[in-house]
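The structure appears below as structure tokens.
The values are calculated or read from the model by the stated rules, or taken from the named source; none is laboratory data. Please read these numbers as outputs of a predicted model, since none were measured by experiment. Don't worry about glycine lacking a Cβ; one is built from the backbone with ideal geometry, like all the others, and counts go over all protein chains shown. Heavy atoms of the whole protein, side chains included, go into the accessibility calculation; ligands, DNA and RNA do not. Shrake-Rupley method; radii C 1.70, N 1.55, O 1.52, S 1.80 Å.
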Amino acid sequence: MLFSVTKIRQNTHRMQQKVQTYIEKHQLLVPDKPVVVGVSGGTDSVVLLHILMSLGYECVIAHCNFHLRMEESDRDESFVRELANGLKIQSYFIDFETTEHASKHGISIEMAARDLRYAWFNELLVKINAQAIAVAHHADDSIETLLMNLVRGTGLKGLTGIPARNENVVRPLLCLTRSEIETYLVRYDLDHVEDSTNGSSDYQRNKFRNEILPLLEEINPSVRQTLYNSLQHFEGNLAVYQQAIHQIENEIVYIDSDSIKLDIDLLKKQIHIPTVLFELLHPYGFSNAVIEQITANLDGESGKMFFSDSYRLVKDRKYLILNEIKSVQKEKFRITENQKEIDQPFHLKITRKNITSEFIPSKKPDCIQVDASKLTFPLLLRKWEEGDAFYPFGMTQRKKVSDFFVNNKLSLLEKEQSWILISGEDIVWIVCQRLDNRFRVNEKTKMIVEFRLV
């Protein structure tokens, strides 16, 4: 008996050091700032609190009452209140109408509880100027997450289980198994409460915990350790993979004004195009099915569009062009005769000059000079519309603006971003593209009006 007690004491001290080493390795916590600890009252959270306090961290208890288990929920809250009072540490408590929140937002009870919990934890973090939110996920939880992700379907990231850090949330116990945590609980004779739903398989995670993992252990008694080792390998694989994706992104992705462009020729040289596209486009909400369609159309005609909920991708000649979906801008801007500049939709300076023999017309695309006598004020700035037509500078024949765009090989997005300067019913200027020939300066011009983008 003495030997076994000594061994347990050695193991528990080792566990504290193991957690401290894990904290340092992943840079989860520093010793001089408070940490919010999510404490439900169950085994895992009680052990987490005990270990962190034993290691000298300043802990602040946070407890959520989700009112999902009738009297048990109130029992858990009472227990945590007594625990906080006994330890004489700062604590915060909150009640949630979880079922109502889930129904209102059309999500599961589990998701509702998670959303409510972490939103409040983050509010506490700011309120008390804490460094992080510590929660009690452990190695077995990460193994269960791996299996759940495999069944749902996942990429490499999903095979790494639960991360040690996710923004403000840290998980110091991921280096410990459930068995080690239970050993620690016994060694220190820590009071705790049991959640009666843990034995039920109604929740998906419990089904993996109580039914699927035990079946796997019949095939391989060491399956938990095997899967835990695999998690470590996958984490290393992911790091190498993400580094490679980052290098590819730097090679083929260009930021151009408010657009993101993917070079099609460089994309087609990649070893596995669908994987590269998934990593580059999934963050913008594109589904696997849509990404497969994009891949299949890389050699297709220009102008084809693909959508996520908030982004649009256009297949152009040389690029896949990604833009955030915005409502079409229908606003129009007036320019009066005495105005010297406007700030919207862009900064435009307007100057009136008497023409002299030294006058040389501007050849810059962002500057035009027109015959002042031919302008009818107020002028109008608006986006181009189907049916618009003008007389391109140097030509005497009328041309549709849409045909002008095609001839000049403008992409769909460039067309949409084109502005038109109007005098009366006539186009004066497709801004930064072409002056209308009717407004050009000639030998009879006495005064000009210059429009210049700045």
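Looking only at the stretch 411-436, filter to residues that are open to solvent by less than 30 Å² (accessible area, probe 1.4 Å) and not in a strand (DSSP E or B); which one of those is farthest from residue 319 (Cα to Cα)? Among those residues, the one meeting the criterion is 431. All conditions but one from (1) in a helix (DSSP H, G or I); (2) open to solvent by less than 90 Å² (accessible area, probe 1.4 Å) apply to residue 345; the one that does not is (1).
Close Cβ contacts (under 7 Å, 6 or more residues apart or on different chains) running from residues in the stretch 271-287 that are at positive phi to residues that are surrounded by 14 or more Cβ atoms within 10 Å (Cβ to Cβ) comprise 285/308; 285/311.
Which residues, counting only those in the stretch 316-340, are farther than 20 Å from residue 418 by Cβ, surrounded by 13 or more Cβ atoms within 10 Å (Cβ to Cβ) and in contact with a Lys or Arg (Cβ under 8 Å, 6 or more places away or on another chain)? Give the derivation first.
Restricting attention to the stretch 316-340, the residues satisfying the condition of being farther than 20 Å from residue 418 by Cβ are 320, 336-340.
Now restrict to residues that are surrounded by 13 or more Cβ atoms within 10 Å (Cβ to Cβ): 320, 337, 339.
320, the sole residue that qualifies.
Might you let me know whether the stretch 440-453 holds any residue that is open to solvent by 50 Å² or more (accessible area, probe 1.4 Å), within 16 Å of residue 367 (Cα to Cα) and touching a Leu at 6+ places or on another chain (Cβ under 8 Å)? For the stretch 440-453, residues open to solvent by 50 Å² or more (accessible area, probe 1.4 Å), within 16 Å of residue 367 (Cα to Cα) and touching a Leu at 6+ places or on another chain (Cβ under 8 Å): present. For the stretch 367-376, a residue qualifies if it is open to solvent by less than 50 Å² (accessible area, probe 1.4 Å), outside any loop (DSSP other than H, G, I, E, B) and not charged (D, E, K, R), and the qualifying residues are 367, 368, 369, 370, 372. In the set 97, 72, 24, only one residue is acidic (Asp, Glu), at pLDDT 95 or above and more than 18 Å from residue 188 (Cα to Cα); that residue is 24.
Could you grab me the full set of residues in the stretch 73-116 that are loosely packed, with under 15 Cβ neighbours inside 10 Å, of a type outside the set (S, T, N, Q) and part of a helix (DSSP H, G or I)? Reasoning before the result, please.
Just the residues of the stretch 73-116 that are loosely packed, with under 15 Cβ neighbours inside 10 Å, to begin with: 74-75, 78, 82, 85-88, 90, 93, 95, 97, 99-100, 103-108, 110-111, 114.
Restricting the remaining residues to those that are of a type outside the set (S, T, N, Q) gives 74-75, 82, 86-88, 93, 95, 97, 100, 104-107, 110-111, 114.
Of everything in the stretch 73-116, those that are loosely packed, with under 15 Cβ neighbours inside 10 Å, of a type outside the set (S, T, N, Q) and part of a helix (DSSP H, G or I) turn out to be 74, 75, 82, 86, 87, 100, 104, 105, 110, 111, 114.
Could you pull out every one of the helices (runs of 4 or more DSSP H) wholly within the stretch 126-213 that has 3 or more residues that are of a type in the set (D, E, K, R) and open to solvent by 40 Å² or more (accessible area, probe 1.4 Å)? Steps first, please.
Working: elements: 139-152, 178-187, 204-207.
Correct list: 178-187.
Scanning the stretch 65-84 for residues that are touching a residue at least 40 places away in the same chain (Cβ under 8 Å) and either among the acidic types (Asp, Glu) or in contact with a Leu (Cβ under 7 Å, 6 or more places away or on another chain) (or both) yields 72, 76. Here is a check on your reading of the model: is residue 318 out of contact with any Phe, Trp or Tyr (no Cβ under 7 Å at 6 or more places or on another chain) and in contact (Cβ under 8 Å) with a residue 24 or more places away in the chain? Against the criterion (out of contact with any Phe, Trp or Tyr (no Cβ under 7 Å at 6 or more places or on another chain) and in contact (Cβ under 8 Å) with a residue 24 or more places away in the chain), residue 318 qualifies. Reported count of residues in the stretch 348-360, each being over 12 Å from residue 446 (Cα atoms) and either exposed (fewer than 13 other Cβ atoms within 10 Å of the Cβ) or β-branched (Val, Ile, Thr) (or both), is 4. I want to confirm something. Restricting to the stretch 377-405 and keeping residues that are open to solvent by 60 Å² or more (accessible area, probe 1.4 Å) and among the hydrophobic types (A, V, I, L, M, F, W, C), which single residue is farthest from the chain's Cα centre (by Cα)? Applying the filter and picking the extreme gives 395. Summed over the stretch 214-242, the residues that are surrounded by 15 or more Cβ atoms within 10 Å (Cβ to Cβ) and of a type in the set (S, T, N, Q) give a count of 1.
Counting just the residues of the stretch 17-62 that are among the aliphatic types (A, V, I, L, M) and in a loop (DSSP other than H, G, I, E, B), which one comes out surrounded by the most Cβ atoms within 10 Å (Cβ to Cβ)? Don't jump to the end; show me each part of the working.
Filtering the stretch 17-62 down to residues among the aliphatic types (A, V, I, L, M) leaves 19, 23, 28-30, 35-37, 39, 46-49, 51-53, 55, 60-62.
Going one step further and asking which of them are in a loop (DSSP other than H, G, I, E, B), we end up with 28-30, 39, 55.
Details: 28: 20, 29: 21, 30: 12, 39: 26, 55: 16.
Among residues in the stretch 17-62 that are among the aliphatic types (A, V, I, L, M) and in a loop (DSSP other than H, G, I, E, B), the one surrounded by the most Cβ atoms within 10 Å (Cβ to Cβ) is 39.
Within the stretch 381-397, is even one residue part of a strand (DSSP E or B) and under 22 Å from residue 353 (Cα atoms)? There is at least one residue in the stretch 381-397 that is part of a strand (DSSP E or B) and under 22 Å from residue 353 (Cα atoms). Pairing each residue of the stretch 228-246 that is within 13 Å of residue 163 (Cα to Cα) with any residue that is open to solvent by 60 Å² or more (accessible area, probe 1.4 Å) and in a helix (DSSP H, G or I), provided the two are 6+ apart or on different chains, yields C-beta distances under 7 Å for 238/157.
Among the residues of the stretch 249-305, the one identified as open to solvent by 40 Å² or more (accessible area, probe 1.4 Å), modelled with pLDDT under 90 and over 21 Å from residue 325 (Cβ atoms) is 301.
Test of understanding: among 439, 404, which residue is within 22 Å of residue 369 (Cβ to Cβ), in contact (Cβ under 8 Å) with a residue 60 or more places away in the chain and among the hydrophobic types (A, V, I, L, M, F, W, C)? Spell out the reasoning first.
Details: 404 fails: in contact (Cβ under 8 Å) with a residue 60 or more places away in the chain.
So the residue among 439, 404 that is within 22 Å of residue 369 (Cβ to Cβ), in contact (Cβ under 8 Å) with a residue 60 or more places away in the chain and among the hydrophobic types (A, V, I, L, M, F, W, C) is 439.
Annotation note: Cβ proximity below 9 Å between a residue of the stretch 85-102 that is more than 18 Å from residue 34 (Cα to Cα) and a residue that is open to solvent by 90 Å² or more (accessible area, probe 1.4 Å) (sequence gap 6+ or interchain) occurs for 102/110.
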